[in-house]
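For reference, the structure is listed below as structure tokens.
Computed from the coordinates by the stated procedures, all read-outs in this text should not be read as laboratory data. Quick caveat: nothing in here was measured; it's all calculated off a predicted structure. Positions of Cβ are generated from backbone atoms using ideal geometry, with glycine treated the same way; all protein chains shown enter the neighbour counts.
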Ligand code: NCD
């Protein structure tokens, strides 16, 4: 998938890769980056696109997921891209949908295309991901981005450290070679890439977050902490970022800040996923 995305980034593919293929974007949660990125990717491979913004589908009127899937399939929809606050929603949808379902983020469970675009960003930077020292910082517990990244990074042999306070990063998350650290300052000199995460307020139970002041004091990336990073270290963030909480504006002037590259890579990764699903796989042979 990364190779396909890299090819698309180098040379735009023909705009008819998904000609006559209808894609529905079914988003039940706010989204700027992921939604726009999927929509652009769909346009660039020439799909027919229908967008169902939050609140406008009949699921709110009591229609079941299975009935929605049946209805969309009957109209010839081949791909559904979906984001939902419930973990597992895309998988339930996929059970009753004939075509392909792409998970654009489900609850705190997974965000696979975000992980792919992050991996592409790391690959472009370091050539290969094996052995690259990556630290994910912040609200790991509630982050679907972190969960999907850990899966991808492990598969490609990165050296992974999770950094955060106990309440947002329980000890139990250390396993299978994934390290946990509490002291960000001690980790900074030893990483090649730092992935900052947003605090997922909408998913945090009351009392779990100590205090934002505390959090910022211990984990916010600011000028002093940037100076602790190695010379070629990069800093990433999936967005949206909260200025003053997980980072200060000093980060935007740091030469290794890769946020814009991540966003740009997202379009190519999503084009690659669409092309792969529709043109290079059959659902039975390759359920990915
Ligand atoms: C993330 C998401 O929605 O999971 N954003 C994104 O897709 N780029 C991260 C977040 O909301 O913090």
* Asked: How far is it, in nm, from the label point at residue 185 to the one at residue 260 when both lie 7 Å from their Cα along the line to the Cβ?
  -> 3.3
* Structure fact -> Rounded to the nearest 10, the angle in degrees between the Cα long axis of helix 144-155 and the longest principal axis of the Cα atoms of the chain comes to 80
* Label-to-label distance, nm, for residues given as residue 213 and residue 86 (7 Å Cα→Cβ offset) -> 4.1
* Semi-axes of the equivalent ellipsoid for segment 200-263, Cα gyration tensor, largest first, Å -> 24, 15, 9
* **FRET efficiency, residue 48 to residue 203 (Cβ-Cβ, R0 30 Å, nearest 0.05)** => 0.30
* Structure fact -> A student applying the Cα gyration tensor rule (rounded when a/c is under 1.5; otherwise prolate if a/b is larger than b/c, oblate if not) would label segment 175-229 oblate
* Counting alpha carbon pairs within less than 8 Å and at least 6 residues apart, what relative contact order, in whole percent, applies to segment 112-257? -> 24
* Structure fact -> At R0 = 25 Å the Cβ-Cβ FRET efficiency linking residue 30 and residue 224, nearest 0.05, sits at 0.15
* So between residue 232 and residue 20, what do we pick up on full extension, going 0.36 nm a residue minus the alpha carbon distance? -> 71.8 nm
* In angstroms, what radius of gyration and Dmax does the chain have, counting Cα atoms only? -> 19.4, 58
* Label-zone membership for segment 137-165, site residue 130, 7 angstrom Cα→C-beta point, backbone N under 13 Å -> 155-159
* To do: Let me know the Kirkwood hydrodynamic radius for segment 112-257, please, with Cα pairs as the basis and the value in Å to one decimal.
  => 15.1
* How do 236, 271, 1 line up, fewest other C-beta atoms within 10 Å first? -> 1, 236, 271
* Cα shape, segment 88-194, gyration tensor, a/c 1.5 rule -> oblate
* What's log10 of I(q)/I(0) for segment 1-111 at q = 0.10, 0.12, 0.20 Å⁻¹, Debye sum over Cα points only, no solvent? -> -0.29, -0.42, -1.12
* Given the rule -39500 (n - 2.57) for each run of at least 4 DSSP H residues, summed and divided by the residues of the chain, what is its mean residue ellipticity at 222 nm, to the nearest 500 deg cm²/dmol? -> -11000 deg cm²/dmol
* Structure fact -> Here, residue 96 and residue 253, labelled 7 Å along Cα→Cβ, have an inter-label distance in nm of 5.5
